[in-house]
Amino acid sequence: MVEQSVPWPTGTPNWVDLAADDTGAAAEFYTGLFGWDCEFQSERDYWICKLNGSDVGGIGHKQPGTEHLPSRWTTYLATDHLDQTLQAVTAHDGTQLMEPREIEFHGRMAIAADPTGAVFGLWQAADHIGTERTTDPGTLVWSEALSEDYETARQFYISVFGYRAEEIGGFETQYAALYAADKPVAGTGRLHPDFPAGTPPHWLPYFAADSTDRTIDQVTRTGGKLLGEPLDTDFGRLAVLADPEGARFAVIQLG
């Protein structure tokens, strides 16, 4: 288990939440899947999901300006200066989808898209640094931006967040690990050919799992889908899945 008590370095995925049409059904699905305890906050119309008392993610309705988009998981990237980061997003051909929003005492957030159309969030922490646990089953362990235009996406994220990108070979598609504070924190790559035709650019979050195969079985039994065959990698056995509303996520059984 890794615990975090201070704000994450700029560019690090520090929160993840689901934008869904039926938030109650989504909370029930992921509670059953990952063992989360999802608490509904009526004043925000938002579910905070916890694991053993620590915040690991959220579930809410689609943000203004993104209602037309399919249900999706949004990866939030840490920033110390939200407004400056949004200026960099638009300066490098990205799009601001939602005006900055103050979440009282917790921090400031915004939603944006890279030049390929992959949607991501920005979080400037105040009292709430974001996710606190990063290796236990049911927690976010990785996130990556996927599109057909790998070079454009790679250069965008380097320019906006100051990442160092390290190309990783041995895959069927181009891929790079993105480093912040000398640690690999996220990735960007070309959409895998096994993905269904028409898969749009997106950020794909990975959650740790006790067993990838058991998780696949549970997802398919409870209304979700397996997207492509599971893969055995140097990091562990992984699978890309969709929940009952079609939101994509991955699980990995860490080696």
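The values are calculated or read from the model by the stated rules, or taken from the named source; none is laboratory data. Predicted model only: the values in this text are computed from it and were never measured. Note that each Cβ is placed from the backbone with ideal geometry, even for glycine, and that neighbours are counted across all protein chains shown.
May I ask you to list the residues in the stretch 131-174 that are in contact with a helix residue (DSSP H, G or I) (Cβ under 6 Å, 6 or more places away or on another chain) and either of a type outside the set (Gly, Ala, Ser) or within 15 Å of residue 235 (Cβ to Cβ) (or both)?
Restricting attention to the stretch 131-174, the residues satisfying the condition of being in contact with a helix residue (DSSP H, G or I) (Cβ under 6 Å, 6 or more places away or on another chain) are 138, 145, 147, 160, 163, 165, 174.
Selection gives 160, 163, 174.
Do we have residue 243 as among the acidic types (Asp, Glu), crowded, with 17+ Cβ neighbours inside 10 Å and touching a strand residue (DSSP E or B) at 6+ places or on another chain (Cβ under 8 Å) here?
Answer is yes for this residue.
Please specify each residue of the stretch 10-40 satisfying the condition of being part of a loop (DSSP other than H, G, I, E, B), in contact with a strand residue (DSSP E or B) (Cβ under 8 Å, 6 or more places away or on another chain) and surrounded by fewer than 20 Cβ atoms within 10 Å (Cβ to Cβ).
If the condition is that a residue be part of a loop (DSSP other than H, G, I, E, B), in contact with a strand residue (DSSP E or B) (Cβ under 8 Å, 6 or more places away or on another chain) and surrounded by fewer than 20 Cβ atoms within 10 Å (Cβ to Cβ), then 35 is the only one that fits.
Run residue 78 past the list (1) surrounded by fewer than 21 Cβ atoms within 10 Å (Cβ to Cβ); (2) among the aliphatic types (A, V, I, L, M); (3) touching a residue at least 40 places away in the same chain (Cβ under 8 Å) and report the number of the one that doesn't hold.
Result: residue 78 fails condition (1) only.
With the requirement that a residue be closer than 18 Å to residue 10 by Cβ and either assigned to a strand (DSSP E or B) or modelled with pLDDT of 95 or more (or both), what does the stretch 177-192 give you?
Those that are closer than 18 Å to residue 10 by Cβ and either assigned to a strand (DSSP E or B) or modelled with pLDDT of 95 or more (or both): 177, 178, 179, 180, 183, 184, 185, 186, 187, 188.
Given the conditions (1) crowded, with 17+ Cβ neighbours inside 10 Å; (2) more than 15 Å from residue 12 (Cβ to Cβ); (3) of a type in the set (Val, Ile, Thr), and given that residue 173 satisfies all but one, which numbered condition is not satisfied?
If we test residue 173 against (1) crowded, with 17+ Cβ neighbours inside 10 Å; (2) more than 15 Å from residue 12 (Cβ to Cβ); (3) of a type in the set (Val, Ile, Thr), just (1) comes out false.
Take residue 73 and decide whether it is among the aromatic types (Phe, Trp, Tyr), at pLDDT 95 or above, touching a strand residue (DSSP E or B) at 6+ places or on another chain (Cβ under 7 Å) and under 20 Å from residue 11 (Cα atoms).
Values: among the aromatic types (Phe, Trp, Tyr): yes; at pLDDT 95 or above: yes; touching a strand residue (DSSP E or B) at 6+ places or on another chain (Cβ under 7 Å): yes; under 20 Å from residue 11 (Cα atoms): yes.
Answer is yes for this residue.
Which of the residues spanning the stretch 246-255 are farther than 15 Å from residue 26 by Cβ, surrounded by 18 or more Cβ atoms within 10 Å (Cβ to Cβ) and not polar (S, T, N, Q)?
Answer for the stretch 246-255, where residues must be farther than 15 Å from residue 26 by Cβ, surrounded by 18 or more Cβ atoms within 10 Å (Cβ to Cβ) and not polar (S, T, N, Q): 250, 251, 252.
Of (1) crowded, with 19+ Cβ neighbours inside 10 Å; (2) in a loop (DSSP other than H, G, I, E, B), residue 43 satisfies all except one. Which?
In the conditions (1) crowded, with 19+ Cβ neighbours inside 10 Å; (2) in a loop (DSSP other than H, G, I, E, B), residue 43 misses (1) alone.
Of all the residues that make up the stretch 201-237, how many are modelled with pLDDT of 95 or more and outside any loop (DSSP other than H, G, I, E, B)?
Here the count works out to 20.
So which residues in the stretch 238-255 are small (Gly, Ala, Ser) and assigned to a strand (DSSP E or B)?
239, 242, 250
Looking at the stretch 53-168, what strands (runs of 3 or more DSSP E) fall wholly within it and have at least 1 residues that are in contact with a Ser or Thr (Cβ under 6 Å, 6 or more places away or on another chain) and farther than 15 Å from residue 186 by Cβ?
Qualifying strands (runs of 3 or more DSSP E): 54-60, 95-103, 107-113, 119-125.
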